[in-house]
Amino acid sequence: MSFRCQQDSYAREPDDRGSIDNIPVLRVTRRGAEAEHFLLTPLAPGSQVQVQLDWDRRFDHMQQHSGQHLITAVADHLFGLKTTSWELGRFRSTIELDSPMVLPEQVVAIEQSVNEKIRDRLPVTVTELSPDDPEVKVKALRLPDDHVGPIRVITIEGVDSNMCCGTHVRNLSDLQVIKILGTEKGKKNKTNLVFLAGNRVLKWMERSHGAEKALTALLKCGVEEHAEAVQKLQNSAKLLQKNNVNLLRDLAILTAHSLRDSPDRGGVIVLHRKDGDSEFMNIIANEIGIEDTLLFLTVGDEKGAGLFLLAGPVEAVDMLGPRVAELLQGKGAGKKGRFQGKATKLSRRAEVQALLQDYLISQSAEE
């Protein structure tokens, strides 16, 4: 048994994994005709070793790769949609088609056709051609510059025959089923066809079924009513959010008036509110509007991250704003008597208050 390295006519099929003498194989690459294996620890040159291939990974790649050949051939035969590249992803695969758009009915027709051919149990064969074979001159247009040895051609009986060095199933029945998940916009004038083949379809169904069961328990309704139930919840959440914003604005105005009219407010006004936001702080600053007072507001987690605002005389705010941001381990910017930004250490609010008080004391001493 041998490990397969990366190489393919349209794209790179992932290389194999496994172990050699129980040492994990991290990567397999090709250099000419030789496969290079990268292991955690070295092996003694010339020693006999036991190779263990990760068959589940290999078989998954075989299913996706043969599935790609089948979809590519059917899309071309039915609608003249040419494949320009493909990607075997970790969870799903994509085929890039040379068309700006693929219609939904075309996707349905392609999926129906490929699954019919799977049910027909069509054989998949590998033919090796010598480099000087006349057919190679036509087929081998995409050969790597350092290629050596025979040319492999993968044939799906009556469907497709293509040069390829990847791994494939021996019969389309090994694919079990193909599910096309839909299309996505690709590169300029290209469309990506997203698909799953074989065991990936079963895993996708298992995940989807698990999600449906969880939603059924949370929403207290059947699967057919999930979308409607979620829509109702979204509408309710939007209404509650709107009401909450209005209440927060009213609270900001009342809070500002209370702070402004307080007889013992002093030269520094400090306020923290966990559930506020930047608008909440700006409303308070607008309503107070006291030019000879430093206003220091914060919202968020009082021991963690949040937002801050410093307002007051322009000269004082310009000087103190960056120092406040530094103390709170945050970043901010300001203009016209306001400096505001994000903070990661609201727990240091007391240090900021002390900084502001010291500034006022120093100003009074100068006067």
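Return yes or no: is Ser278 touching a residue at least 40 places away in the same chain (Cβ under 8 Å) and among the hydroxyl-bearing types (Ser, Thr, Tyr)? Taking the combined requirement at face value, the residue satisfies it. If the condition is being out of contact with any helix residue (DSSP H, G or I) (no Cβ under 6 Å at 6 or more places or on another chain) and either modelled with pLDDT under 95 or surrounded by 13 or more Cβ atoms within 10 Å (Cβ to Cβ) (or both), then the range 79-94 contributes Thr84, Ser85, Glu87, Gly89, Arg90, Phe91, Arg92, Thr94.
Rundown of residues vs (1) acidic (Asp, Glu); (2) outside the structural domain of Val102 (by TED's automatic domain parsing), yes/no style:
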position	(1), (2)
Gly158	no, no
Val169	no, no
Lys188	no, no
Arg207	no, no
Glu224	yes, yes
Ala227	no, yes
Lys232	no, yes
Asn246	no, yes
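Contact annotation: residue pairs with Cβ atoms under 8 Å, 6 or more positions apart or on different chains, pairing a residue in the range 199-219 that is closer than 20 Å to Ile180 by Cβ with a partner that is surrounded by 13 or more Cβ atoms within 10 Å (Cβ to Cβ) and among the polar types (S, T, N, Q), are Asn199/Gln63; Asn199/Gln176; Arg200/Gln63; Arg200/Gln64; Val201/Gln176; Leu202/Gln176. Among the residues of the range 324-339 satisfying the criterion of being among the charged types (D, E, K, R) and either in a helix (DSSP H, G or I) or under 15 Å from Gly304 (Cα atoms) (or both), which is nearest to the chain's Cα centre (by Cα)? Going through the qualifying residues, I end up with Lys331.
Restricting attention to the range 37-67, the residues that are free of Cβ contacts under 8 Å to residues at least 60 places away in the same chain and surrounded by 11 or more Cβ atoms within 10 Å (Cβ to Cβ) total 11.
Out of Val124, Val102, Val148, Val169, one residue alone is surrounded by fewer than 13 Cβ atoms within 10 Å (Cβ to Cβ), aliphatic (A, V, I, L, M) and outside any helix (DSSP H, G or I). It is Val148.
This table checks each residue for (1) out of contact with any helix residue (DSSP H, G or I) (no Cβ under 8 Å at 6 or more places or on another chain); (2) surrounded by 19 or more Cβ atoms within 10 Å (Cβ to Cβ).
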| position | (1), (2) |
| --- | --- |
| Asn244 | yes, no |
| Asp275 | no, no |
| Thr298 | no, yes |
| Pro313 | yes, no |
| Lys331 | no, no |
| Phe339 | no, yes |
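In the range 256-281, the qualifying residues are those that are in a helix (DSSP H, G or I) and in contact with a strand residue (DSSP E or B) (Cβ under 7 Å, 6 or more places away or on another chain), and the one that is modelled with the lowest pLDDT is Leu259. For the range 169-205, the candidate set comprises residues that are within 12 Å of Gly67 (Cβ to Cβ) and among the small types (Gly, Ala, Ser); within that set, the residue that is nearest to the chain's Cα centre (by Cα) is Ala197.
The values are calculated or read from the model by the stated rules, or taken from the named source; none is laboratory data. Only a predicted model underlies this, so the values are computations on that prediction, with no experimental measurement involved. Glycine also receives a Cβ, built like all others from the backbone with ideal geometry; neighbour counts cover every protein chain displayed.
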